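Structure, as C-alpha cells:
Each reported figure results from applying straightforward, stated rules to the coordinates on display, with no laboratory input. Note that the structure is a prediction, hence the values are computed from the model and not measured. We place every Cβ from the backbone using ideal geometry, glycine too, and count neighbours over all the protein chains shown.
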Amino acid sequence: MMPPANDPAPRPKESKMLESFRNASQSWFIKILFGFLIVSFGVWGVGDVIRQRVASTPAISVGDQTFSGEEVAERFRRDVDRMSAMFGSKLTLEQARQFGLLQRTVQQMVDAALLDQAAERLQLGVDEQTLRRTIAEIPAFQSQLKLFDKTTYRRVLASMNLNEKQFIHLESGDLARAQLVRMITDGVVAPADLTAALYRYHGEKRVAEYVVFAADQMPAPPPPDDATLQKFYDDHKPQFQQPELRAATILAVHGADLAATLQPSQADIDQAYQARLGEFQTPEKRTIEQCLFADQSKAQSFLDSVKAGTDFAAAARQAGTAVSDLGTLAKNEMPISELADAAFALPAPGLAGPVQSPLGWHALRIDKIVPGTTRALAEVKDGIVAALVKDETTNRLYSLSTKLEDSIGGGTSIADTAQAMGLKAVTLAAIDDHGRDADGKPISGAAVTPAILATLFQTVQGGTSDVIATMTAITCCMSTR
C-alpha cells in the first residue's frame, strides 16, 4: 500500500540501522568495546585476515584443478633458475617478469593441466617400469659410461630445486601427456574415400570432339520485331543516353612539370650529404665474449690469468663460470651502456674490464673488429638529388597555391591568372565526367585526371572551384556551361 499523502515517507531500513548504531555508540559500554577492538587490531593487525583470504583464493583455475599462489611462485622460481643457468647470469625475479617469464610459466601450467585432465578422462597413464626406464635414459642422469648414476641423479635434482617425489610426479605427467599427443598425431591417415576423390580430380583426363562453324557461314537471324527492340532498348538504356557535357577552363600545375626544371647546386648536394651522413654509414661492429662474476676481485683474477697466457675458455672453467658469446654487435646494439663503452674503447682486439652492471662484474674479450664504412657521395648522389628536387617542388607548389588563391579569390579569371603567372590554362569545349569529348573520344592531357573531372562536375555552372593543392599538383577549374 502507498502511504497516506499527509504522512511522512517511511525511512529506508539502512537509515534506521545507522540511527540505531549512532544511538548505541553513545553508551559507555559500546565505547569500551570499540576500544578493545581497536587495540586488538593494533596488536595482531589486519594483515593475517587479508593473507588468509589471498591464500584461500586459487591463483589459477583450470577445470576442476586449481593452483595456489605458492605453487605458481615455486614453479616460477624454478623456471628463473633454469633461465639463469642458460644465460650464465643470475636473473632477479623482477627481471624475469620483465622478460615475460612469469606469463610463460602460467601458460605452461595451464596447458599441462588441460592435457592432464584430458589424459585422466581417457585413463591414460604410465606404469612404474616404463617410468624407471625413461628416467634412466635421460642423459643428464648418466655417468661417463652412459649408465644411470644415482648420485648424479640426486645432484641434478638438487640443482633444479626438486626432490625425487616431485620429479617423478612431473615426469609421469609428461609421459601421460605425451601419450595423449601421440594419440592425436601418430598414425593420422586420410580416409580412402577422400584420397580416391582427390586422385580422380587431379588425374582426370577427358577426350572431346568439337566442330567449328565460321560466322560468315551461319544463316542471318530474322529481323527483330518492335517488342524485341523495345526490350533491348530498356535493358541497355544507358548505352543510348547522351552523357552530361561541360565546357571548362582548367588550370593544372603538376609537381612533375616543376621538377623537370629544377637542378640542385653542388653546394646544396654537399650540404645535404653532410646532414644525412648518418644514413650512409655502417657502424663499426665487434665480436664480443664475456664471463660474469659476482664480485670484482674474481673478475680481476680471471683477467689476470688470461693476460698471463691462460686460454679464455680454460680460465673460465677454472673460475667456475661459463663463457657467453654476445655475438657481433654495433655499440648501439649492446643493451648495457657500461659494457658498450668498455668494449668499444679498445683500439684493437683484446680484454676489457672488469665492468660492473646490474647483473654483476663482466670480463670481456673482443675477438674481432669489423670496421665501419661510409658510402661515398658519388654512390648516393642520385638519391640526394631526387630528395632535394622533391622538397623544392613541394615548397614551390605551396607558394604557387597561395598566389593562385589570392588572385582567383580577388576575382581574377583563371585564364588571366595563368597568363600573369606564366602558367598555361586549358580550355575545353565539351567534356563528360569520363574525360571524353562530344563524339565520345577520350581527351588526353595533364589537365584531364579523375580528380580534376570530379572537381569540375561538382562545380556549379558558371562557377569557379577552389584551388586544390596536394603534395604533387595544384588544380583549379571553371565550369562555363
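Straight-line reach from residue 150: taking Cα to Cα under 20 Å and skipping same-chain neighbours fewer than 8 places apart, the lysines in range are 165. Here the relative contact order of the range 284-371, from alpha carbon pairs under 8 Å that lie six or more residues apart, stands at 46 percent. For the range 140-241, the set of GluC sites (Glu not before Pro) satisfying both a DSSP loop assignment and a count of at most 12 other C-beta atoms within 10 Å is given as 204, 209.
Take the alpha carbon gyration tensor of the range 66-182, find the square roots of its eigenvalues, order them as a ≥ b ≥ c, and report rounded if a/c is under 1.5; if not, report prolate when a/b exceeds b/c, else oblate.
Working: a/c = 2.26, a/b = 1.11, b/c = 2.03.
It is oblate, given that a/c is not under 1.5 and a/b is not larger than b/c.
Computed extension gain for residue 262 through residue 427, at 0.36 nm per residue and net of the alpha carbon distance, reaches 56.6 nm.
The chymotrypsin sites (Phe, Trp or Tyr not before Pro) of the range 197-304 that DSSP puts in a loop, and whose beta carbon has at most 16 other beta carbons within 10 Å, are 210, 213.
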